[in-house]
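Read through the structure below, which is laid out as structure tokens, and then see the notes.
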Amino acid sequence: MQRYRVLFPSTLALAAVLLLPAAAGPAVPRTRLPTAPAQSGVAPAATMQLDPTAITYKWPSQIHWVGRPGVAEQAVLVGDPMKPGLYVVLIKWFPHNTSHPHFHPNDRYITVLSGTWYVGTGRKFDPEHMVPMPAGSFVTDLAGQVHYDGARDEPVTIEIVGMGPATMTPAEIK
């Protein structure tokens with residue numbers, strides 16, 4: 001029984017760069033943009049204002065992280081994972097922290113943004129056999145299927161997109 005669907009960075013790059021524009025219709029003109037402000041949260045020059053009726057954004061310094069520092073932290077970008085509907089969250093896993101076997105009621109779509117994220121399947125927690133997912137990988141946690149995940153020797157940031165409520169049911173057999 002398949003529990004994860006995985007795409008690696010080279011596959012994602014081909015789909016995003018080569019296949020999607022042709023299938024989606026005329027390409028949007030691309031222009032080289034000025035460098036974004038430093039991560040300090042400095043706003044762009046007044047001449048570079050964006051129309052808030054056309055686009056919204058947050059600089060990294062404006063993203064609110066909550067959780068257990070040194071273990072895992074979460075930032076909700078869109079929606080509310082505890083309520084019905086679409087949500088998008090970022091999760092920071094800190095080194096040497098993992099979840100234990102569990103499952104979710106809905107599919108969850110995960111992109112590894114930085115670091116190497118490790119995933120395993122089954123009710124028996126077996127960290128030695130977790131599979132590495134490097135930055136750029138895409139993973140789907142399938143609804144009702146048991147899995148566990150986390151970080152080994154480096155911090156990891158992942159993005160999760162799903163439909164709430166995003167409950168987690170423990171499923172470990174010791």
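Please treat every number below as a calculation from the coordinates, not as lab data. This is a predicted model, so every value here is computed, not measured.
Close amide H contacts of GLN145 (hydrogens built in the peptide plane, cut-off under 5 Å, sequence separation of 5 or more or a different chain): HIS104. Within a straight-line Cα-Cα reach of under 16 Å, LYS58 can be paired with the following aspartates and glutamates, leaving aside sequence neighbours fewer than 8 residues apart in one chain: GLU159. Excluding same-chain residues fewer than 8 positions from LYS124, which lysines have a Cα within less than 25 Å of its Cα? Result set, ordered by chain and number: LYS92, LYS174. Scanning residues 5 or more positions from MET133 or on other chains, those with amide H under 5 Å from its amide H are TRP117, TYR118, VAL119, with H placed 1.01 Å from N in the peptide plane.
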